[in-house]
Amino acid sequence: MNTILLEPTDVLFFRDGRPMGGASAGHGAAWPLPTVINAAFHAALHRAEFAGVHEHRRGRSGSYEETRDRKFGSLVTAGPFPVHGADQWFFPRPADAAAPQSSAVTLTPTNSLGHSSLPAPLRFPVGSTTPPSKEKTAAWWSSSAWQAYLEGRNLTEDSHFLADADFADTESTYGIGMDSETGTVAESQFYSAHYLRLRDGWNLGVFATAPDKNYHHADHGNDLVRALLNGHSAEIIAGGQQRVCTATLAPTATTQLPLPLGRTEDFPQHNGKFLVKWVLLTPAIFPRIGDHPGGSLPSWVNHKTGKVELLDGPGKNAAARRKVPAGKPIAAHLVAALVGKPIPVTGYAIGTPDAESQISDFKSQISNLKFQITSGARPTHLAVAAGSVYYFECDSPTAAQSLAAALNWHGSEISNLKSQISNRRSTLFGEKGFGLGVCGTWDFHNANRST
């Protein structure tokens, strides 16, 4: 997977789904969501007009159109994250570490209450082990701080903990609305907007790859992203108002991705259960599916019992294709969670009259079509914030290792040459970088650990 640095040539504009007009500035200086960066690379691949790439059909399994006109379905991305220089990466703070300038865990589940009003399947509330404080906590941690946190060490050097203002500023400006039909100024339409300006030496760090089975380049192989950057750099339009970034392949001595590495074994035991926690590095989206409410509850956790419904290997159909044994259920249960405020994820699709007429004709031919292709505002999803923590009890050391292998972004491997993302545990938009996480250990507040 390619490690890429995006260097803005000017201010950036990343607005969310909230309206912009009057007293509302549109929140355009927000840190971009993974969907924004994925869309930027997807648009750049289309503009590059690569010849001979694989084309696939629209629709879902069992309802495909015959016409093949979709491209770059192999594009997968992750990020962005703040990067200073070329190698100092920062990631969102874990929600259970609330001490200022410290990687120490300050919030842990407690089982001393005997009962709680938590919704099923959660059993234990999460409480603070330190007195309340009005000191602000850093929003971003360095890779070193993250590794110290996952290993149970307390790192306290100020340079490893940053606030948004340490690497970016918000600039405000005013504008005049435009009539989209005439291209002229819209009468009595004014707006204010906020823009994000990164400070000198700071970039947006991204991981991206797009292997295409029909494409081959003498120097870049079948990776369309590397071909797009011509092995070095290219210009990428990111966010709104056609803001340009210079995308450059990061100079790395090894192929290891600069993401924190989660624990894969040696999980602590308490009352016969082995304790594993999963911390999100990027947001995750868990939609409502049937009776499962989704929201902050992962889709792969039973909403009544808390049982993890992931397997320790491929599913039945995948195993048959690969001619390997099918995976078995992991004996683990979700017992507690610590999540932040939900993040709205939305967007806007632009259609053309010709495309709209084709869609109308196609829909009239198939009356029971279960998906729609339209222009306009896209559905809004509420994502679980990065840094959120999920606590699990596993029945055995093997189950704990299997759960970690299924949840860590790097799977069960933890080597110096980990260059691929194995797991994206968001139900939606995993290919866009949602649902990356790492595993660590936890213990009950004031509990005596037995081994």
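All of the numbers you see were taken from the coordinates with simple rules; none came from a lab. This is a predicted model, so every value here is computed, not measured. No Cβ is skipped: glycine too gets one built from the backbone with ideal geometry, and neighbour counts run over all protein chains shown.
Observations, loosely collected:
- Of Val185, Val308, Val339, Val225, the sequence from fewest to most neighbouring Cβ atoms within 10 angstrom is Val185, Val339, Val308, Val225.
- Summed residue charge, Cβ within 14 Å of Arg243's Cβ, Lys/Arg positive, Asp/Glu negative: -2
- Each residue of segment 142-153 was assigned a 3J(HN,Hα) from its phi angle through the Karplus curve 6.51 cos²θ - 1.76 cosθ + 1.60 (θ = phi - 60°); the sequence is 6, 4, 5, 5, 5, 5, 4, 4, 5, 8, x, 9 Hz, with glycine and proline shown as x.
- Over segment 232-307: Rg over Rh, Cα atoms, Kirkwood Rh: 1.15
- The spacing between segment 262-324 and segment 44-58, judged by their C-alpha centroids, is 35 Å.
- Segment 211-265 shape via C-alpha gyration tensor axes, a/c threshold 1.5: oblate
- Take each peptide in 275-287, 77-89, count the other Cβ atoms within 10 Å of every residue, and average; sorted highest first, the result is 275-287, 77-89.
- Potential lengthening between Gln101 and Thr346 on full extension [0.36 nm per residue; Cα-Cα distance subtracted]: 84.9 nm
- With neighbours defined as other Cβ atoms within 10 Å of a residue's Cβ, the residues Asp219, Asp96 order from fewest to most as Asp219, Asp96.
- The Rg/Rh ratio for segment 93-210 is 1.18, where Rg is the radius of gyration of the alpha carbons and Rh is the Kirkwood radius.
- The calculated P(r) of segment 154-210, using every Cα pair and 5 Å bins from 0, goes 4, 12, 13, 13, 11, 12, 12, 11, 4, 3, 2, 1, 0 in percent.
- FRET E, pair Phe190, Glu49, Förster distance 35 Å, beta-carbon r, rounded to 0.05: 0.35
- Taking packing as the residue-averaged number of other Cβ atoms within 10 angstrom, the listed peptides 300-306, 243-249 run from highest to lowest as 243-249, 300-306.
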